[in-house]
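Visitor: Pasting a structure below so you can have a look.
Nothing in this text is a laboratory measurement; each read-out follows from the coordinates by a stated rule. Owing to the predicted nature of the structure, the values given are computational and were not obtained by experimental measurement. When we count neighbours, we look across all protein chains shown, and the Cβ atoms used for this are built from the backbone with ideal geometry, even at glycine.
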Amino acid sequence: MQISAKADYAVRALVELAADSARPLTCEAIASAQDIPFRFLKSVFRDLRSAGLVRSQRGCEGGYWIARDARLITVGEVMTAVDGEFFTVRGERPEVLGYPAAASALPDLWRAAEASARAVLDGTSIAALAERGTEPAKGGGGESAHELSAVGPA
């Protein structure tokens with residue numbers, strides 16, 4: 001599975017908004033804070049706004065806010081909003097695939113891989129990532145999906 005730059009930038013932008021939700025943030029501020037190309041981020045925000053994940057306000061006090069509770073927005077939802085289909089094989093959904101003879105079990109593997117990825121990404125909220133990002137670093141490195149997963153009210 002490959003995570004697109006667009007999906008990565010969208011998740012990072014929403015985490016930035018969730019971490020500082022007291023005021024709207026400009027696209028420029030988010031791009032700078034997350035080291036994301038500004039022009040690319042503008043197109044990402046168009047997709048996020050169309051999906052109802054962010055709202056915007058024009059003017060000198062304007063910027064972007066998360067449109068819903070960040071505890072209820074999952075990474076999987078964000079990825080689907082900006083990239084479309086979540087998991088495809090050669091452009092096809094795994095449930096419509098069928099292979100002959102010796103490879104006939106392969107579509108089951110693709111479906112299992114999608115289910116596992118969905119479980120992690122749909123089980124991880126933007127709020128959980130934002131909260132985790134503001135905690136002091138622990139020794140030992142990366143966190144497991146279980147440590148990051150937190151969807152719904154705490």
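Visitor: Could you tell me which label, among [x] 16.9; [y] 18.7; [z] 19.3, carries the value of Kirkwood radius over Cα pairs in Å calculated for this structure?
Guide: Recomputing Kirkwood radius over Cα pairs in Å here gives the entry labelled [x].
Visitor: A follow-up question, please. Return one number: the angle in degrees, 0 to 90 and rounded to the nearest 10, between the long axis of the Cα atoms of helix 38-50 and the longest principal axis of the Cα atoms of the chain.
Guide: With rounding to tens, the tilt is 70 degrees.
Visitor: When the convex hull of the C-alpha atoms of the stretch 23-93 is computed, what volume per residue in Å³ does it have?
Guide: 112 Å³
Visitor: With charges only on Cβ, +1 for K and R and -1 for D and E, what is the dipole size of the chain about its Cα centre, in debye, rounded to 20?
Guide: Value, rounded to 20: 420 debye.
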